[in-house]
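The values are calculated or read from the model by the stated rules, or taken from the named source; none is laboratory data. This one's a predicted model, so the numbers in the text were calculated from it and none came from an experiment. All Cβ positions, glycine included, derive from the backbone under ideal geometry; neighbour counts span all protein chains shown. For the accessible areas, the whole protein counts, side chains as well, though only heavy atoms, and no ligand, DNA or RNA atoms are used. Shrake-Rupley method; radii C 1.70, N 1.55, O 1.52, S 1.80 Å.
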Amino acid sequence: MSQTTTFSVDGMTCGHCVQHVTTELTAIPGVRDVSIELVNGGSSPVTVVSDDPLTDEAIAAAIDEAGYALTPKGSLL
């Protein structure tokens with residue numbers, strides 16, 4: 001059964017940003033799909049579908065590796 005995790009990422013401004021974040025998130029084992037609604041200069045909603053629940057730490061590390069930041073706590077919905 002798949003799990004859906006939704007959170008927001010700050011700092012993305014273009015399609016290249018979306019691609020970079022998507023690449024890092026899909027590198028997490030078990031991630032099957034990533035969907036990002038770009039909000040230029042704001043907090044962009046990100047939805048990840050995975051085989052198992054993802055830890056906050058795994059998500060934060062992937063976002064950090066991509067060069068962006070999770071919206072401050074409360075971002076993981």
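Among the criteria (1) among the small types (G, A, S); (2) buried (at least 19 other Cβ atoms within 10 Å of the Cβ); (3) part of a strand (DSSP E or B), the one A62 does not fulfil is (3). Checking each residue in segment 6-36 for being surrounded by 19 or more Cβ atoms within 10 Å (Cβ to Cβ) and under 16 Å from T71 (Cβ atoms) picks out F7, S8, V9, M12, C17, V18, V21, L25, I36. Could you say whether any residue in segment 37-55 is touching a Gly at 6+ places or on another chain (Cβ under 9 Å), of a type in the set (D, E, K, R) and either surrounded by fewer than 18 Cβ atoms within 10 Å (Cβ to Cβ) or at negative phi (or both)? So far as segment 37-55 goes, yes, one or more of its residues are touching a Gly at 6+ places or on another chain (Cβ under 9 Å), of a type in the set (D, E, K, R) and either surrounded by fewer than 18 Cβ atoms within 10 Å (Cβ to Cβ) or at negative phi (or both). Checked against the criteria, L77 does not count as modelled with pLDDT under 95 and either at positive phi or open to solvent by less than 60 Å² (accessible area, probe 1.4 Å) (or both).
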